[in-house]
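Accompanying notes for the structure given below.
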Amino acid sequence: PMYFFLSNLSLADIGFTSTTVPKMIVDMQTHSRVISYEGCLTQMSFFVLFACMDDMLLSVMAYDRFVAICHPLHYRIIMNPRLCGFLILLSFFISLLDSQLHNLIMLQLTCFKDVDISNFFCDPSQLLHLRCSDTFINEMVIYFMGAIFGCLPISGILFSYYKIVSPILRVPTSDGKYKAFSTCGSHLAVVCLFYGTGLVGYLSSAVLPSPRKSMVASVMYTVVTPMLNPFIYSLRNKDIQSALCRLHGRIIKSHHLHPFCYMG
């Protein structure tokens, strides 16, 4: 089940970067950030869909780790293929609902056709700043949806790890504790990276006066984070560890030193 959820997370990351990176490359080639109204809505719709999908999948994977550690003997029974498929479909439909609600609100902003955005993707908060009339209610709805679709997965992750930590601390041996914590290490790293860069990007767009600095912060959570997620999970793979070990040895040899690599 963990690899099933991980494969879906990778697909969501591919979709996440595919909605922003092509437009960013075109903007760099043409030195223009103009995007049509229809194109902006389309990009925003897919961007919210895959971002929310990432959010939901991280919460589902936290529940998977909770079952694996706290109920190891019943893991295969609880996390059966039917439940795994249901959780993926539920995550997708919740993400689709969030995306369409954002789209419905933005469709009311018909006072512009082509816009010059200060970022490389259509951020919903930036579109609201291009309004021709007061959209206080729309802003409140978007912030409310962000709180609901953002806080619920985070709460699920925190609650899962609250339940995980208690049984681990009762393990008598330090080796057993290390093995239990190591199964959660990759997921915790991805969670911290995803929410950390997202929070930094959100705060920078609200605080930083420079659009360029805000754009750099946005690149971190829209491009860099999805690219690092598969690599972080692959660090537990022995083939990847061997490849990194060989690369480390070649780097040391190039500096005329004796290579040393320990594989745990």
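The values are calculated or read from the model by the stated rules, or taken from the named source; none is laboratory data. Keep in mind it's a predicted model, so treat the numbers as computed, not measured. Cβ atoms come from the backbone with ideal geometry, glycine included; neighbour counts cover every protein chain shown. When the accessible area is computed, the model is the full protein with side chains, heavy atoms only, and any ligands, DNA or RNA have been set aside. Shrake-Rupley method; radii C 1.70, N 1.55, O 1.52, S 1.80 Å.
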Sort out which residues of the stretch 1-19 are closer than 12 Å to Thr225 by Cβ and either open to solvent by 10 Å² or more (accessible area, probe 1.4 Å) or not in a helix (DSSP H, G or I) (or both), and write them in order of number. Thr17
Within the stretch 76-99, track down each residue that is within 19 Å of the chain's Cα centre (by Cα) and not small (Gly, Ala, Ser). Leu87, Ile88, Leu89, Leu90, Phe92, Phe93, Ile94, Leu96, Leu97, Asp98
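When the residues of the stretch 88-112 are filtered to those that are of a type in the set (A, V, I, L, M, F, W, C) and touching a residue at least 60 places away in the same chain (Cβ under 8 Å), which remaining residue is nearest to Met2 (Cα to Cα)?
Within the stretch 88-112, the match that is nearest to Met2 (Cα to Cα) is Ile88.
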Index of the failed condition, Gln100 passing every other in (1) at pLDDT below 70; (2) among the polar types (S, T, N, Q); (3) open to solvent by 80 Å² or more (accessible area, probe 1.4 Å): (1)
Against the definition (in contact (Cβ under 8 Å) with a residue 12 or more places away in the chain, assigned to a helix (DSSP H, G or I) and closer than 18 Å to Ala189 by Cβ), how does Leu58 come out, yes or no? yes
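Does the stretch 126-144 contain at least one residue that is among the hydrophobic types (A, V, I, L, M, F, W, C), within 28 Å of Thr17 (Cβ to Cβ), modelled with pLDDT of 70 or more and in contact with a helix residue (DSSP H, G or I) (Cβ under 7 Å, 6 or more places away or on another chain)? It would help to see each step written out before you state the result.
Here is the first cut: in the stretch 126-144, the residues among the hydrophobic types (A, V, I, L, M, F, W, C) are 127-128, 130, 132, 136-137, 140-142, 144.
Still in the running and within 28 Å of Thr17 (Cβ to Cβ): 127-128, 130, 141-142, 144.
Those still in the list that are modelled with pLDDT of 70 or more too: 144.
Of the ones still in play, those that are also in contact with a helix residue (DSSP H, G or I) (Cβ under 7 Å, 6 or more places away or on another chain) are none.
Checked the stretch 126-144: no residue is among the hydrophobic types (A, V, I, L, M, F, W, C), within 28 Å of Thr17 (Cβ to Cβ), modelled with pLDDT of 70 or more and in contact with a helix residue (DSSP H, G or I) (Cβ under 7 Å, 6 or more places away or on another chain).
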